[in-house]
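Undergrad: Below you'll find the structure I mean.
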Amino acid sequence: ALIGQTLPTIFISGIVVGVLVAGLALRGGRTTRQRTSGFVGGILVALLCGVAQFVIGLRIDRLLAAMGTAPDALPVDNPMRVAFGRLHGLSMLCLGLAALVALALLVVTLVAMRRDTQV
């Protein structure tokens, strides 16, 4: 229940931050490469979080409603529990990929900032 309440906040925050990063990238960045990487990275973060929240999350919600109980209460081989596990895995994959893209953007930005201060 706690995770179900926390993840939407994380995913929606990721969408907002991704869109902001993409927008700022279009306005900033000294090179085309910096602008492009910021824009593409921001869009990827927003897209991954959006898919996790509004596609996978909705499927999880429907599945949980159909279960009528916690997934752990079902037998391990129950098709609904198996489907929940797959959807949860996909949701976490989206979150993990979004975090990796955000980390890569941070590294690219820090390298560019360091390069700019050395010139």
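Read the figures in this text as sums done on the coordinates, not as results from a lab. Worth saying up front: this structure is predicted, and the values here are computed from it rather than measured. Methodologically, a virtual Cβ is constructed for each residue, glycine included, from the backbone with ideal geometry; neighbour enumeration extends over all protein chains shown.
Undergrad: Hey, rough spin-label estimate for Val16 and Ile43, points 7 angstrom out along Cα→Cβ, what's it come to in nanometres?
TA: According to this spin-label approximation, the distance is 2.3 nm.
Undergrad: Met92 versus Asp61, label points 7 Å from Cα toward the beta carbon: distance in nm?
TA: About 2.2 nm, to one decimal.
Undergrad: Same structure again: Could you tell me, in Å, what Rg and Dmax come out for the Cα atoms of the chain?
TA: Both quantities, over Cα of the chain: 18.3, 63 Å.
Undergrad: Given Cβ point charges of +1 (Lys, Arg) and -1 (Asp, Glu) and nothing else, what value in debye, to the nearest 20, does the dipole of the stretch 6-95 about its Cα centre take?
TA: With only Lys, Arg, Asp and Glu charged at Cβ, the dipole is about 520 debye.
Undergrad: I'd like to know which of Val40, Ala104, Thr117 lies farthest towards the positive end of the charge dipole of the chain, counting +1 on Cβ of Lys and Arg and -1 on Cβ of Asp and Glu.
TA: Thr117
Undergrad: For the chain, what is the mean residue ellipticity at 222 nm derived from helices alone (per DSSP H run of n ≥ 4: -39500 (n - 2.57); sum divided by total residues; nearest 500 deg cm²/dmol)?
TA: -29000 deg cm²/dmol
Undergrad: Follow-up. Return the sequence-ordered ³J(HN,Hα) values of the stretch 98-108 in whole Hz as given by the Karplus equation 6.51 cos²θ - 1.76 cosθ + 1.60 applied to θ = phi - 60°, using x for Gly and Pro.
TA: 4, 5, 5, 5, 4, 5, 4, 4, 4, 5, 4
Undergrad: In addition: Could you run the Karplus curve 6.51 cos²θ - 1.76 cosθ + 1.60 with θ = phi - 60° over the stretch 71-78 and give me ³J(HN,Hα) per residue in whole Hz, x for Gly and Pro?
TA: Karplus values, whole Hz, x for Gly and Pro: x, 5, 7, 8, x, 4, 8, 5.
Undergrad: A further question follows. Val108 to Thr69: extension gain in nm, 0.36 nm per residue of separation minus the Cα-Cα distance?
TA: 9.5 nm
Undergrad: By how many nm would the segment from Met80 to Arg115 lengthen if fully extended, with 0.36 nm per residue of separation less the alpha-carbon distance?
TA: 7.4 nm
Undergrad: Still on this structure: Wrap a convex hull around the Cα atoms of the stretch 35-98, take a quarter of its surface area, and give that in square nanometres.
TA: 4.3 nm²
Undergrad: Relative contact order for the chain: what percent, with Cα pairs under 8 Å and sequence separation of 6 or more?
TA: Relative contact order of the chain: 27 percent.
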